[in-house]
Amino acid sequence: MDQASFIVPAHSTAQQVYDWLHGRVLRGDLAPGERISETEIAGQIGVSRQPVREAFIRLTANGLAEVRPQRGTFIGRISLKAVLSARLIREAVESDLIRIVSSAAPDAAIAELDAQLAAQREASARQDVERFIELDDLFHRSLAIAAGHEDVWNVLEGLKSQMNRLRYITARVFDQQKLIDQHTAIVDSLRHHDPEQAEQAMRLHLRELLNDLPEIARSKPEFFTK
């Protein structure tokens, strides 16, 4: 990747470098524990070291990188505590949001969610993990919008970086169809305007991570920290 294909001159170089690195960390392109170099990254994307240094500082502040004295900067391990905290907050908030939506979900909103489910099935069939996770986020954002609380989802998005890193791992090794089936159950509950069923379906969906996490942590202990 060179500057011509990556950096847009009219926008902040530091922000673009951060966004690129942040995405690579979330997707696992930069693995937990991997050493990263300002000089190497600056040379790779064709910028000076200053915006890369600023991006490293932000990654460190957000818990996605760590500086080891006299050794360098490394991609941080995934915090189990942060993952579990984000999941708990999401369950509490999204369970309320889905009850709001279920009381009067318009046909247009349900039709849009049905279309998203079809797109999720297509992405899963192609084994396109990145697209599948984008669609998963879109699904939950759409529910927040339908509830009239898109800003709430924006707050949640800022809390779940560590959770998102885990999602990329689990989406590669666990059954995506189970998640699609859970999304389908959520939409069906909206179709029937059943708040109790909707909340139960959402809680079941967001608790799926509790089933996946122990196995992933055992299989890749070097990726995690308490």
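Bear in mind these aren't lab numbers, they're just calculated from the coordinates by the rules spelled out. Remember, it's a predicted structure, so these values are computed and weren't measured experimentally.
The value of relative contact order for region 79-225, using C-alpha pairs under 8 Å at least six residues apart, is 42 percent.
When the P(r) is computed for the chain, the part past 25 Å accounts for 47% of the Cα-Cα pairs. Around the amide H of Ser79, modelled in the peptide plane, lie the amide H atoms of Thr225, all under 5 Å away and 5 or more residues distant in sequence or on another chain. For region 3-76, the Kirkwood estimate of hydrodynamic radius, built from reciprocal distances between every pair of different alpha carbons, is 12.3 Å.
Note on the chain: Lys pairs 8 or more places apart or on different chains, Cα atoms under 17 Å apart, count 4.
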